[in-house]
């Protein structure tokens, strides 16, 4: 039997909420809960950004194999332009030439980033466009596990459906697991195959 990609054992999200969860490679899971229950905190715990007060998170993948798309990703942008932001991680991973170009093209297409946005200053992009750039930057890192906090909340209904379809396609080619954190049952059904209620 294959070991899970990630396992949470008694992870304390809040004083009342503790999580037991396994995520398999290539699986799509939704964490469904109302506002204020701890979805975003759980996402940060799984991404390794927050240490839980109790319990443990076991990760069997390579270092750096977890990517997270925040609700407002531009708060964590490091570069001056979208082009540099999307290129940053795969370039630092050692990708060059055709391999880098292919990785970037795939990520930009899935996130729906138009080429004319790439050299604009950040203030010249809408919130939805900045969200798409943040998503592309995360996808360009080729994570084994992708964590998405309310994916599509900055997109139109059609954009959200297209994003869910593209992530399913990427999962098939890369074996990428996805965990969606949402308060909407319809979004959970769109992005995931299994739903876990907090």
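Might you check whether a residue that is without any contact (Cβ under 8 Å) to a residue 12 or more places away in the chain and surrounded by fewer than 19 Cβ atoms within 10 Å (Cβ to Cβ) occurs anywhere in segment 131-151?
Pass one, segment 131-151, residues without any contact (Cβ under 8 Å) to a residue 12 or more places away in the chain: none.
Looking for residues that are without any contact (Cβ under 8 Å) to a residue 12 or more places away in the chain and surrounded by fewer than 19 Cβ atoms within 10 Å (Cβ to Cβ), one finds none in segment 131-151, hence no.
Out of curiosity, is residue 102 in a helix (DSSP H, G or I) and over 28 Å from residue 187 (Cβ atoms)? Please lay out each step first, then the result.
Numbers: in a helix (DSSP H, G or I): yes; over 28 Å from residue 187 (Cβ atoms): yes.
Taking the combined requirement at face value, the residue satisfies it.
Rundown of residues vs (1) part of a loop (DSSP other than H, G, I, E, B); (2) free of Cβ contacts under 8 Å to residues at least 12 places away in the same chain, yes/no style:
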residue	(1), (2)
20	no, no
50	yes, yes
74	no, no
86	no, no
94	yes, yes
98	no, yes
110	no, no
116	no, yes
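For segment 79-88, state whether one or more residues are under 13 Å from the mean Cα position of the chain (by Cα) and under 30 Å from residue 118 (Cβ atoms). Give the derivation first.
From segment 79-88, those under 13 Å from the mean Cα position of the chain (by Cα) are none; that's our starting set.
For segment 79-88, residues under 13 Å from the mean Cα position of the chain (by Cα) and under 30 Å from residue 118 (Cβ atoms): absent.
Does residue 167 count as over 15 Å from the mean Cα position of the chain (by Cα), farther than 21 Å from residue 45 by Cα and buried (at least 16 other Cβ atoms within 10 Å of the Cβ)? Break it down stepwise before answering.
On the way: over 15 Å from the mean Cα position of the chain (by Cα): no; farther than 21 Å from residue 45 by Cα: yes; buried (at least 16 other Cβ atoms within 10 Å of the Cβ): yes.
Against the criterion (over 15 Å from the mean Cα position of the chain (by Cα), farther than 21 Å from residue 45 by Cα and buried (at least 16 other Cβ atoms within 10 Å of the Cβ)), residue 167 does not qualify.
Restricting to segment 151-162, what's the tally of residues that are under 13 Å from the mean Cα position of the chain (by Cα) and modelled with pLDDT of 95 or more?
Residues meeting the conditions: 0.
Give the number of residues within segment 22-42 that are in contact with a strand residue (DSSP E or B) (Cβ under 9 Å, 6 or more places away or on another chain), over 18 Å from residue 171 (Cβ atoms) and not in a loop (DSSP other than H, G, I, E, B).
Final tally of qualifying residues: 4.
The values are calculated or read from the model by the stated rules, or taken from the named source; none is laboratory data. What you are looking at is a predicted structure, and each value in this text was computed from that prediction instead of being measured. We place every Cβ from the backbone using ideal geometry, glycine too, and count neighbours over all the protein chains shown.
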